[in-house]
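In what follows, a structure is listed as structure tokens, so that the remarks can point back to it.
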Amino acid sequence: MFTVLGPWSDALRRSRLHQFVALVLAAVFISSCQSPDTLATELHADITRTMATSMQFVWTDQELSLTQTVSGQYADAYRYHLLYVANGVPAWEEVVKDDAVADRILDPAAVARYWSTQRANVTIPSAQLAGAALLAHHWVVDTTGAPSVPTVGQEVQEYKDDPFDQALLFLSDVNNLISLAPPPEVRQYRADDVTPVYKPTDDPFPAPLKGSGITRYDVYEQPLPVVQTASPGAVPAPPTISNFTKIAIYVKNGMVVEIRLTTDPIDQLQQLVNNYHLSLPKNLSREGQEAFAQTAIQRLSIQTGTLPFLVRQETLVVEPLPRGTSIAIPSGAVPAKLSFLHPS
Amino acid sequence: MPIKTTAAVRIGDIPASALPATLNGLRVQPESDKAAVSHADGSYARAVGFYSLRQSQLVEATLEVIELVPSTPNTAGFRLSLVNQVTGGIPSEVRLSGHSVYLASGIGSATSTWFDGRVLFILTTRSQYSTPRALLEATLGVHLS
């Protein structure tokens, strides 16, 4: 259209161009000044509010060789009914109601594998009544043995004694990961954002459905550590999980409805290789590269004492608990002490 | 943040009839804390009740009920600082029966603290008591009108 206009239009075009540039700059400025601190504070409040709500949820953790889920109904910290499934096989079910806890172990091998990954010093005493009943897949109830309310401090991804704690503390872990993110911690997702948290090519998360009323918030990744000295051959401090974790939090009406988290160094593999002088084998598949990175990071951070670094995808889907839902200890459970399952 | 108390006010008693005779099977027995209360120079408390919860003669728990004066700040921050003074640290918070309950463990005991309107409840239970959660649940059902 500009080309059909004469010299006067050139001035107009420049004027419009200036207006356009000014508008773009203003838009970028306004979006970058959208009270990021307030946004992070609001998101922390949304997560805290969700943690205090009765809900049913499914937490899924997909690692290179294991997929595990915890699903169930959570009325409050003293009343819940959860099921642990490992690689598609139901493995462990637990009901807590006030002072009572009931457990049923359906796949002892899967449960033992979980404990070994968490360095949990737990075994099922087959010689005792409770152990024998559990190994025979019976419900066992301990009327005064309810596990203590799981709590988490500022640490992230610490060892957990059982998968139920891991699922119940996932929201707390995410809250802590947000706090570890570089300022401004979070940014509201927009499909046409000119400065998104995750570049479209590296964004593993779906956009919220249009008209769903769901807002997505993305958490900034902590940049990889850099060398602090000029000494030849110096390497940076070991990376941590927050260097490779992408998080998207989906919120509706002030409540978290879904969280997607990926821990995967694939986007930063070359930088990892360069910074730590690693030798990356050629022609690796994506899975091979992920396994290489997982092993390399575990070796780099072996002295930190935290959980081994795992390439994983975690998802939490939350819904309100239907009205009238009742949490009940299964009838016919074998009464026995279960303190070996729930060391305090 | 230290809590700034109000000018001296007369602190009344919460009558024993305000509470049920038993809670989770434990007998509710009023205890006198006149001496402690009389030494308070200034307080946000308008009335106080102190009770032991007994199985036979054994004290399994104690319950302190404090009605706050209307001028008490009604903010989350103030309430949390009050709870921190009660528990002596940063307690964990859980949502139970519509209340934010602050849980703290001590040596040989556990303390649960919550607000019901302008009334502060402090329930301290012996660690050996077998059904502390059921007791807490029963006590959460107590409302002072």
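The values are calculated or read from the model by the stated rules, or taken from the named source; none is laboratory data. Keep in mind that this is a model prediction, so the values were computed, not measured. Don't worry about glycine lacking a Cβ; one is built from the backbone with ideal geometry, like all the others, and counts go over all protein chains shown. What goes into the accessible areas is simple: the full protein's heavy atoms, side chains included, and nothing from ligands, DNA or RNA. Shrake-Rupley method; radii C 1.70, N 1.55, O 1.52, S 1.80 Å.
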Task: Residue among A:Glu42, A:Glu94 that alone is at pLDDT 90 or above, away from chain B (no Cβ under 14 Å) and open to solvent by 70 Å² or more (accessible area, probe 1.4 Å) - done: A:Glu42
Task: Only listed residue being in a strand (DSSP E or B) and away from chain A (no Cβ under 12 Å), chosen from B:Gly89, B:Gly49 - done: B:Gly49
Open item on the list: What's the total number of residues in segment A:51-60 that are modelled with pLDDT under 95 and under 16 Å from the mean Cα position of the chain (by Cα)?
Closed with: 1
Task: Only one of B:Arg95, B:Arg126, B:Arg133 that is charged (D, E, K, R), crowded, with 20+ Cβ neighbours inside 10 Å and within 14 Å of another protein chain (Cβ to nearest Cβ) - done: B:Arg133
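Quick grid of which residues meet (1) of a type in the set (Asp, Glu); (2) at pLDDT below 95; (3) farther than 20 Å from A:Leu169 by Cα:
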| site | (1), (2), (3) |
| --- | --- |
| A:Ile214 | no, no, yes |
| A:Pro223 | no, yes, yes |
| A:Thr229 | no, yes, yes |
| A:Tyr250 | no, no, no |
| A:Glu258 | yes, no, no |
| A:Thr263 | no, yes, no |
| A:Val273 | no, yes, yes |
| A:Leu278 | no, yes, yes |
Open item on the list: For B:Ser56, only one of the following conditions fails: (1) of a type in the set (Gly, Ala, Ser); (2) over 18 Å from B:Ala16 (Cβ atoms); (3) touching a residue at least 40 places away in the same chain (Cβ under 8 Å). What is its number?
Closed with: (3)
TODO: State whether the residues of segment A:151-159 include one that is modelled with pLDDT of 90 or more and crowded, with 19+ Cβ neighbours inside 10 Å.
DONE: no
- [ ] Being on the phi < 0 side of the Ramachandran plot and open to solvent by 50 Å² or more (accessible area, probe 1.4 Å) narrows it down to one of A:Tyr198, A:Tyr189, so name that one.
- [x] A:Tyr189
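Residues are listed down the side, and each one gets a yes or a no for (1) open to solvent by 60 Å² or more (accessible area, probe 1.4 Å); (2) within 14 Å of chain B (Cβ to nearest Cβ):
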site	(1), (2)
A:Thr60	no, no
A:Glu63	no, no
A:Tyr78	no, yes
A:Leu83	no, no
A:Asp99	no, yes
A:Ile105	no, no
A:Arg113	yes, no
A:His137	yes, no
Open item on the list: Looking only at segment A:259-293, how many residues end up being closer than 26 Å to A:Glu185 by Cβ, of a type in the set (S, T, N, Q) and in a helix (DSSP H, G or I)?
Closed with: 3
Task: Among residues of segment B:95-145, those that are within 19 Å of B:Thr22 (Cα to Cα) and either among the basic types (Lys, Arg) or not in a strand (DSSP E or B) (or both), counted - done: 18
Task: Hits in segment A:115-145 - residues which are outside any loop (DSSP other than H, G, I, E, B) and either out of contact with any strand residue (DSSP E or B) (no Cβ under 8 Å at 6 or more places or on another chain) or of a type in the set (Val, Ile, Thr) (or both) - done: A:Trp115, A:Ser116, A:Thr117, A:Gly131, A:Ala132, A:Val140, A:Val141
Open item on the list: Tell me yes or no: at least one residue of segment B:67-79 is within 14 Å of chain A (Cβ to nearest Cβ), open to solvent by 40 Å² or more (accessible area, probe 1.4 Å), at pLDDT 90 or above and over 11 Å from the mean Cα position of the chain (by Cα).
Closed with: no
TODO: Considering only segment A:94-114, state which residues are of a type outside the set (Asp, Glu) and assigned to a strand (DSSP E or B).
DONE: A:Val95, A:Val96, A:Lys97, A:Ala100, A:Val101, A:Ala102, A:Arg104, A:Ile105
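One line per residue, one yes/no per condition, for (1) open to solvent by less than 60 Å² (accessible area, probe 1.4 Å); (2) over 30 Å from A:Lys210 (Cα atoms):
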| position | (1), (2) |
| --- | --- |
| A:Val226 | no, yes |
| A:Val235 | no, yes |
| A:Asn243 | yes, yes |
| A:Tyr250 | yes, no |
| A:Gly254 | yes, no |
| A:Glu258 | yes, no |
| A:Leu261 | yes, no |
| A:Asp264 | yes, no |
Open item on the list: Among the residues that make up segment A:296-308, is at least one of them hydroxyl-bearing (Ser, Thr, Tyr), buried (at least 17 other Cβ atoms within 10 Å of the Cβ), in contact (Cβ under 8 Å) with a residue 12 or more places away in the chain and touching a Pro at 6+ places or on another chain (Cβ under 7 Å)?
Closed with: yes
